[in-house]
Amino acid sequence: MLGNLIQQTVNALTIGAIYALIALGYTMVYGVLRMINFAHGEMFMLGAYVAFLLLSMLIGDVGAAGAIALTGAFVVAIFVVGIIGVGIERVAYKPLRNSTRLAPMLSSLGVSLSLVTGIQILAGPQPVAFPSFFPSVRYEVLGGTVSSVQIGILVAAFALMFGLHFLVNRSRIGIIVRAVSESRPTAQLLGINVNGAISMVFFVGPLLGAAGGILYASYYGIMSPTMGAVIGLKAFTAAILGGIGSIPGAMLGAFILAFVEVGGTALLPVVTHGVLGTEYRDVLSFAILILVLLVRPAGILGEAVSEESIVYKREF
Amino acid sequence: MSVAETLTAARPRSGRTVSFLFLAIAITLIVATPFLPNYYVRVINSLLIYILLGIGLNIVIGYAGLLDLGFVAFYAVGAYSYALLASPQLDLHWPFLLILLVAACLGAATGILLGIPVLRLRGDYLAIVTLGFGEIIRIIINNMDWLTGGPKGIPRLDKASILGIQVARPIDFFWLLLVTVLVVGMLVWRLERSILGKAWAAIREDQDAARGIGINTTNAKLAAFATSATIGSIAGAIFAASQRFVSPESFTLQESVLIVLMIVIGGIGNILGIVAGAAILMLLPEVLREFAEWRILFLGLLMIFLIIVRPAGIVPRSFGPDKLIRRLFGK
């Protein structure tokens, strides 16, 4: 029982850490642009594909890659996806900055569709086996099994999140991004490089998302062009749950969602006597999403935004 | 006055030519369809179903200005209504018209069911909740094996018949769909110009001002959701009857996005735009058949391009059916 509890806790932490990495991208973009980036889930997918491409270019046999090659591919891949993210913002969202509120969202739907089909054309629609980025050792902890892959994911994810925390709260770039996020017109009046801040967000967000994608693919040993869709939606739920626009909120929301999901998956069949099986896990996440939006749209850590404080923009 | 409006006003002659071209293509297509091979009739049928779906979704997106990304749920409600009431699955074999009525009512009920909780939400939040709603419906259908057959779907649906006349061949469905599209299109167009349509426009332009001048925004929004869902559901029932098979695969998120794409490319809030958007989205893949995989990529890029370059769509809102008629018949 205790072993099971420990094992499920570690499972939830692992998944939560990956959700958090993606949720951060949603929340940061929403913070500066008040826009839901539907293409963000695709950054997660691109991360895995770019890393895989780098590995297969570097060494023919991806499965036999060494520690240095894997670390190198990880770092280069997330930076490449970050740059792709900046490029996408320039091409698809920047021209729409003064357009209606929904225009960039529709554009991001187009970006998402293009990226998924683009990868399907280049790499084929079928799922591909993904190499593990960590040596696979299993440890017995008080009767539960914890794998080294999970520990590796937790370490990598937390390192990235601490890096982000430092960047946002302790660096000059962070101050600029926070200023733009608080009020774009005021930041502009103060002579802050708003475009630079937005580019920064579109670099860091996809970078973290890509890291999440690589970790996820190496956790499950598989990647596919459509892997970003559902995970993206879950991470978005996490961002809303924690309070969209809030960086600590996104992390908190991600871990809460992961625990509810893992707990729900374990308990649903027991509580409902097998009427609702584990396959309803996703329904649970979406139900949480809808419930939060209805009951407390500002989320757990988000500030309640009054109607007046939003710069009025037409929806269409 | 938008740029497009100025342009059309400056060139009445070319506007008239375009209008005649539009009408000529439509008439030729309708007259020629009975002589086309079955394959092409099926393509045209799916075009008509998408036009119907577009007209339905456009009420919520184009008229009331609410981005609904879960429209496919209503389409699924209609399709599964037919599948359950006219197949060996539950051993029910109801007549087609009765099922159409049931599907319309169920659709409206689902629309209101979704509408009530999301009334307070706007813009992006609304998009996400409707998206989640659509996914929930799909997952439930996918997992309720005892009722919906799960991922395998429901096969061997009854052949539809209307008042004793069997509707089974693709060409029969072509006529059925054509009449449905014309009737629904006409009704919705009248609805847009009714007092309710004006209330929707007011909500779209400025919700607070709309409330200020005494519009009951709650009821108007619910009416938009219910009408839109009813049309989606009717389209679903006809779709199921023509395929004689339903499975959850037809009701994915991508389908919802495709219908939104169609409206955006064609022209938000304009029935003529929807026809144009549907034609591009359905016929382009047929023309580009050799480039099978590339066409969706192309559509995605086209969507980004059009939103940036021509946000009002190919046929702007100002060029509605009334303008087409005026262009064609004088003044």
Please quote Rg/Rh for chain A to two decimal places, taking the Kirkwood radius as Rh and restricting both calculations to Cα atoms.
-> 0.97
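Which peptide among B:131-143, B:293-305, A:21-33 comes first, and what is the full order, when sorted by highest mean count of other Cβ atoms within 10 Å?
Working: B:131-143: 22.2, B:293-305: 18.7, A:21-33: 27.7.
Top of the packing list down: A:21-33, B:131-143, B:293-305.
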Where in chain B are the helices, taken as whole DSSP H runs, whose Cα atoms extend 18 angstrom or more along the long axis and whose Kyte-Doolittle mean reaches at least 0.5?
-> B:12-32, B:38-58, B:72-85, B:96-118, B:123-143, B:170-193, B:217-243, B:253-266, B:271-287, B:294-309
Among all helices in chain A defined by DSSP H, which have a length of 20 Å or more along the axis from Cα atoms plus a Kyte-Doolittle mean of at least 0.5?
-> A:2-33, A:40-58, A:67-88, A:103-123, A:148-170, A:194-220, A:227-242, A:247-271, A:281-295
Kirkwood-type radius of segment A:1-158, with distances r between different C-alpha atoms, in Å | 17.8
Extending each Cα 7 Å along its Cβ direction at residue B:43 and residue A:123, get the distance between those two points in nm, one decimal.
-> 3.3
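Nearest 20 debye, what's the magnitude of the dipole of the protein assembly as shown about its Cα centre given +1 on Lys and Arg Cβ and -1 on Asp and Glu Cβ?
Details: 41 positive and 30 negative charges, 374 e Å.
Roughly 1800 debye, rounded to the nearest 20.
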Fluctuation leader among A:173, A:198, A:240 - chain A, Gaussian network, Cα springs under 10 angstrom = A:173
Arrange the following residues from fewest to most other Cβ atoms within 10 Å of their Cβ: B:145, B:172, B:206.
-> B:145, B:206, B:172
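What is the dipole size for chain B, taken about its Cα centre, with +1 at each Lys and Arg Cβ and -1 at each Asp and Glu Cβ, in debye to the nearest 20?
Details: 26 positive and 18 negative charges, 212 e Å.
So the magnitude is around 1020 debye.
We did not get these values from a lab; they are worked out from the coordinates using the rules stated. Only a predicted model underlies this, so the values are computations on that prediction, with no experimental measurement involved. In this analysis, Cβ positions are derived from the backbone assuming ideal geometry, glycine residues included, and neighbour counts consider all displayed protein chains.
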